[in-house]
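One structure is given below, encoded as structure tokens.
The values are calculated or read from the model by the stated rules, or taken from the named source; none is laboratory data. No experiment lies behind these values; they were computed from the predicted model shown. A quick note on method: Cβ atoms are made from the backbone with ideal geometry, for glycine too, and the neighbour counts reach across all protein chains shown. Only protein heavy atoms, including side chains, enter the accessible area calculation; ligands, DNA and RNA are left aside. Shrake-Rupley method; radii C 1.70, N 1.55, O 1.52, S 1.80 Å.
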Amino acid sequence: MSLPQKTDILVIGSGNAGLSAALSAAQTNPTLKVTVIDKSPSSWAGGNSYFTAGAFRTTHNGLHDLLPLFWGGLALKTQDGGKGLVEDELRAVRNAGVEVFFDTAATALVTDPTSGAVIGVEVVRSDAGKRSQTTIASGAVILAAGGFEANPQLRAQWLGPGWDSARVRGTPYNTGEMLRIAQRDVAAKTAGNWSGCHSVAWDADAPADSGNREVSNEFTKSGYPLGIMVNRDGERFVDEGFDMRNYTYAMIGRRVLQQPGQVAFQVWDARTAAWLREEEYRGEVVRRIEGGSLEELAEKCAEVGLVDPGRFVETVREYNASVDGEGGQERWDPAVKDGLATKGLAVAKSNWALPIDKPPFLAVKVTAGITFTFGGLAVNPETAAVISETTSDEVPGLYCVGEMLGGIFYDNYPGGSGLTSGTVFGRRAGRAAAERAGKSGRLERL
């Protein structure tokens, strides 16, 4: 299948947002030619969406609808997580007649010199080791190429010191060039929290520069509300129970990154370890550090980076002394904020505080894993049309969705909202692009 020289709608990016936009455009006007390009090889199809758990936030009619399913505010996910989502969306767009090309990187936006409208994209195509440059003319372009989380230089520049060392959770191809191209070529206005990002507690032994498509989301280590976290000096540094996991996991990576050596140890005893998610904590995907006593656990943690084992043991004992060891077990409920809190500690634990005193003990070493960046482009929220920094008007023919869209998240992130945002704005962009391209086509025929 050869790369087209002309298409009605060109989508840049093969993640959930881009594929939602492509499908929406094809459904809005089936007579239009819709094309998706992605600079990644087909083996990395789906961008960061592939690495998600597939959770969506969605509307419902209240608690009655959710009681049979409820856990932390999420009730909807895709079969086989992000992998299943991407497979289903690729199948859907291809069934709708959309052509998808990988190994095709956008390098510039082409504009009409009179109107300023985006009328095409310059691309570089890699095929069997050969590179070729061409321009694809298009009636509308939808940017869905992700943020800059896989670019260490831009992470350090925008997120701050230390972020160049964060582990990349997902695709290595989200390196931010489309954000810069849009600013360079059409003076796209920026929006959102450019020093903020979605970052989680991540397996310290995971690859540094990209996720693993086989292990995928299982490198996430989100069981900290069930226990405690200490840094390599043996000190607690965060309230592990200040809210439900789905409202804290995306900011906890930043807290870990701020610690000495950018690592921490999550700790549980036999009482709560049994509640950990098997897909995240089973021995096949994480190094489980186990000990029959706190002292033994501390010494084993010292073999992998704990600097002060003595302080580690003291910290756990101080924590144990601050919780309700008598009636806590009966009150403890990880499905709600149970109010089972510590007393008298400099760093409190506001919920789910049980003593860590029942052997065997378990620890896991974690670092910060970055998922996506919050800074992006400003858009008209009804159509996802990109706004010009120069004129404050829409850039004709240009739309932006997914991680590239700024102004959605600041400081924190509720689980499941990224896929929902990508789908909602993807469908709006696809519909608006199809309506524009359809009108242009009719004018050309006239």
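Structure data summary
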read-out	value
Which numbered condition T248 fails, given (1) hydroxyl-bearing (S, T, Y); (2) open to solvent by 30 Å² or more (accessible area, probe 1.4 Å); (3) under 25 Å from D164 (Cβ atoms)	(2)
Of residues in the stretch 264-284 being assigned to a loop (DSSP other than H, G, I, E, B) and not hydrophobic (A, V, I, L, M, F, W, C), the one most open to solvent (accessible area, probe 1.4 Å)	E284
Matching entry among G418, G430, G407, G426 (being touching a residue at least 60 places away in the same chain (Cβ under 8 Å) and assigned to a loop (DSSP other than H, G, I, E, B))	G407
Selection status of W71, modelled with pLDDT under 95, of a type in the set (F, W, Y), over 16 Å from R94 (Cα atoms) and within 26 Å of the chain's Cα centre (by Cα)	yes
L10 farther than 17 Å from V401 by Cα, open to solvent by less than 40 Å² (accessible area, probe 1.4 Å) and at pLDDT 90 or above	no
All positions within the stretch 155-199 that are touching a Cys at 6+ places or on another chain (Cβ under 9 Å) and either part of a loop (DSSP other than H, G, I, E, B) or β-branched (V, I, T) (or both)	L159, A166
Set N320, N351: member being part of a loop (DSSP other than H, G, I, E, B) and over 24 Å from the mean Cα position of the chain (by Cα)	N351
Breaking point among (1) closer than 20 Å to A250 by Cα; (2) hydrophobic (A, V, I, L, M, F, W, C); (3) open to solvent by less than 40 Å² (accessible area, probe 1.4 Å), for I408	(3)
Scan of the stretch 285-306 for residues that are within 24 Å of F219 (Cα to Cα), outside any helix (DSSP H, G or I) and more than 31 Å from the chain's Cα centre (by Cα), ordered by number	G291, E303
Filter result for R155 (closer than 30 Å to S350 by Cβ, charged (D, E, K, R), touching a residue at least 40 places away in the same chain (Cβ under 8 Å) and open to solvent by less than 30 Å² (accessible area, probe 1.4 Å))	no
The one condition in (1) surrounded by fewer than 22 Cβ atoms within 10 Å (Cβ to Cβ); (2) more than 15 Å from the chain's Cα centre (by Cα) that Y173 fails to fulfil	(2)
Sole residue being closer than 15 Å to G241 by Cα, of a type outside the set (F, W, Y) and open to solvent by 30 Å² or more (accessible area, probe 1.4 Å), chosen from R317, R331	R331
Residue among T390, T342, T423 that is open to solvent by 10 Å² or more (accessible area, probe 1.4 Å) and touching a Lys or Arg at 6+ places or on another chain (Cβ under 6 Å)	T342
Count of the stretch 23-48 residues which are under 12 Å from T7 (Cα atoms), polar (S, T, N, Q) and open to solvent by less than 20 Å² (accessible area, probe 1.4 Å)	1
Residue within the stretch 132-141 that is in a strand (DSSP E or B), touching a helix residue (DSSP H, G or I) at 6+ places or on another chain (Cβ under 9 Å), of a type outside the set (G, A, S) and in contact (Cβ under 8 Å) with a residue 12 or more places away in the chain present	yes
Top-ranked residue of the stretch 114-131 - restricted to ones that are assigned to a strand (DSSP E or B) and of a type in the set (A, V, I, L, M, F, W, C), ranked as most open to solvent (accessible area, probe 1.4 Å)	I119
Test: residue in the stretch 347-367 that is free of Cβ contacts under 8 Å to residues at least 24 places away in the same chain and either on the phi < 0 side of the Ramachandran plot or open to solvent by 30 Å² or more (accessible area, probe 1.4 Å) (or both)	no
In the stretch 176-207, the residues that are β-branched (V, I, T) and open to solvent by 40 Å² or more (accessible area, probe 1.4 Å)	T190
